[in-house]
Amino acid sequence: MKKALPEKMFNDSDQSRLITLRNWVLEQHEVTEIEMSERQFWNFAQLQPVAEKPWVTFMGRQLRVPNMPEVTQKCLGINDKAGLGTI
């Protein structure tokens, strides 16, 4: 089941903590995909080591960022392959 992150989570880079996201995933039942805004994604990516490409999954759940430009999603590997016109 796809679940969207709460709007306030990861909107402010000062409040961004991986433990917050981990707790949210564990408290929600049947989360298979995590949907977030582009701002939330980049704040989340900021927590990762500089040498690493941003994660495309978290705790085995696929990340989705629908309001990010499609070209950027493809470059990062987070594009929704199950979207319209996909075989």
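The values are calculated or read from the model by the stated rules, or taken from the named source; none is laboratory data. As the structure is a prediction and not an experimental result, all values here were calculated from the model. Here the Cβ is made from the backbone with ideal geometry for all residues, glycine too, and neighbour counts use every protein chain on show. Accessible surface is based on the protein model in full, side chains and every heavy atom, while ligands, DNA and RNA are left aside. Shrake-Rupley method; radii C 1.70, N 1.55, O 1.52, S 1.80 Å.
Values computed for the structure shown
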item: By average C-beta atoms within 10 angstrom, highest first, the peptides 35-44, 64-73, 48-57, 22-31; result: 35-44, 64-73, 22-31, 48-57
item: Directionally averaged projected area (convex hull, Cα atoms, the chain), nm²; result: 6.1
item: Derived scalar couplings ³J(HN,Hα) [the range 65-70; Karplus, 6.51 cos²θ - 1.76 cosθ + 1.60; whole Hz; x for Gly, Pro]; result: 10, x, 8, 7, x, 4
item: Residue-normalised accessible area of the chain, given per residue in Å² at a 1.4 Å probe; result: 67
item: Helix-only mean residue ellipticity at 222 nm for the chain, each DSSP H run of n ≥ 4 adding -39500 (n - 2.57), per residue, nearest 500; result: -8000 deg cm²/dmol
item: The range 1-61, accessible surface, carbon-and-sulfur percent (1.4 angstrom probe); result: 50
item: 5 angstrom amide H check on residue 2, placed H, neighbours 5+ away; result: 32, 33
item: From phi via Karplus (6.51, -1.76, 1.60), per-residue ³J(HN,Hα) for the range 38-48 in Hz, x at Gly/Pro; result: 5, 4, 4, 4, 5, 5, 5, 5, 5, 7, 8
